[in-house]
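Below is one structure, written out as structure tokens, with a few remarks after it.
Read the figures in this text as sums done on the coordinates, not as results from a lab. Here the structure is a predicted model, which is why all the values come from computation and not from measurement. We place every Cβ from the backbone using ideal geometry, glycine too, and count neighbours over all the protein chains shown.
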Amino acid sequence: MTIVYLIRHGETMWNREKRLQGHIDIGLNDAGFWQAECLARHMAGKNLAAVISSDLSRAIDTAKPIAEHHELDLIFDPALRERHYGIMQGLSHQEIAENHPRNHAAWKNREVDFQPESGESLQQFYDRVVDAVKHWADAYPDQEIAVVAHGGVLDCLNRAATNKTLAQARDFEILNASLNTLSYKNGRFELIKWGDVSHLESSTGQLNKSLDEVDGSPR
């Protein structure tokens, strides 16, 4: 059995602005870099065989401290990128609703096969990222790996591990710099633990605000 530590990148300014990043290469803000360091220290005791990251900078800069703590070379995989949202990329929720109402409705209603102009459908995205994580889990059998990616990637892997359909409304959090643990055996994922952000507790004992994935918290 392979253990997969699935991690969403740290915070960016576009996360705060509720702006769709997709394949646009937006870097971490100061809070995001702090979250990445906290996460790396939290994971220092793990027995990692590999750290694999999306090739977008917000994921890379979250993964780097983890790889450095474990003296591992960071592996980049563009197949772990966020969903390509096409003409919606770079726009806020309100801008999408105002300028691309059909796209906004399909996104919010989780229309599985709807493909935004110049983008990919939810089903295409799911197939891409689940296949990618399976590839890396197969490459490190019976070991522990860290996979650092994006909110949409975490959404897909949670559904793969819990047999939720892509069309179902999300009922779980997807938080910046959260640690999410899956097992993988015989081609199947199972969920062990989800949404751990205990490492983001500040020196005052208050939990640092970690933003939910762009389509909003389910609660």
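Structure notes:
- Per-bin percent of Cα-Cα distances, the chain [5 Å]: 1, 7, 16, 21, 21, 17, 10, 5, 2, 0
- Helix-derived mean residue ellipticity, 222 nm - over the chain, DSSP H n ≥ 4, -39500 (n - 2.57), to 500: -10500 deg cm²/dmol
- In this rough spin-label picture, where each label sits 7 Å from Cα along the Cβ direction, the Phe33-Ile87 distance is 3.8 nm.
- Label positions at Val112 and Gln143, each projected 7 Å from the Cα along the C-beta direction, are separated by 3.4 nm.
- R0 of 25 Å, Cβ-Cβ distance Ala79-Ser198: FRET efficiency to nearest 0.05: 0.25
- Here the spin labels are modelled as points 7 Å beyond Cα on the Cα-Cβ line, and at Gln168 and Glu68 they lie 4.0 nm apart.
- The angle between the Cα long axis of helix 30-42 and the longest principal axis of the Cα atoms of the chain comes to about 40 degrees, rounded to the nearest 10.
- Multiplying the residue separation of Lys18 and Asn47 by 0.36 nm and removing their Cα-Cα distance gives an extension gain of 6.9 nm.
- Restricting the range 102-142 to trypsin sites (Lys or Arg not before Pro) in coil, as DSSP defines it, with at most 16 other Cβ within 10 Å: Arg110
- Positive dipole terminus of the chain, leading residue within His69, Gln115, Thr12 (C-beta point charges): Gln115
- Number of Lys-Lys pairs in the chain with C-alpha atoms under 28 Å apart and a separation of 8 or more places or on different chains: 26.
- Charged neighbours of Arg41, selected by a Cβ distance under 13 Å, balance to -2 (K, R count +1; D, E count -1).
- Potential extension, Asn186-Asp25 segment - 0.36 nm per residue separation minus Cα distance: 54.5 nm
- Simple point charges give the picture: +1 on the Cβ of Lys and Arg, -1 on the Cβ of Asp and Glu, and for the range 2-200 a dipole about the Cα centre of about 500 debye.
- Computed E for Gln124/Ala97 - FRET, C-beta separation, R0 22 angstrom, nearest 0.05: 0.40
- Beta bridge orientation in the chain: antiparallel %, DSSP, nearest 5: 50
- Fewest-first ranking of Leu122, Leu154, using other Cβ atoms within 10 Å as the exposure measure: Leu122, Leu154
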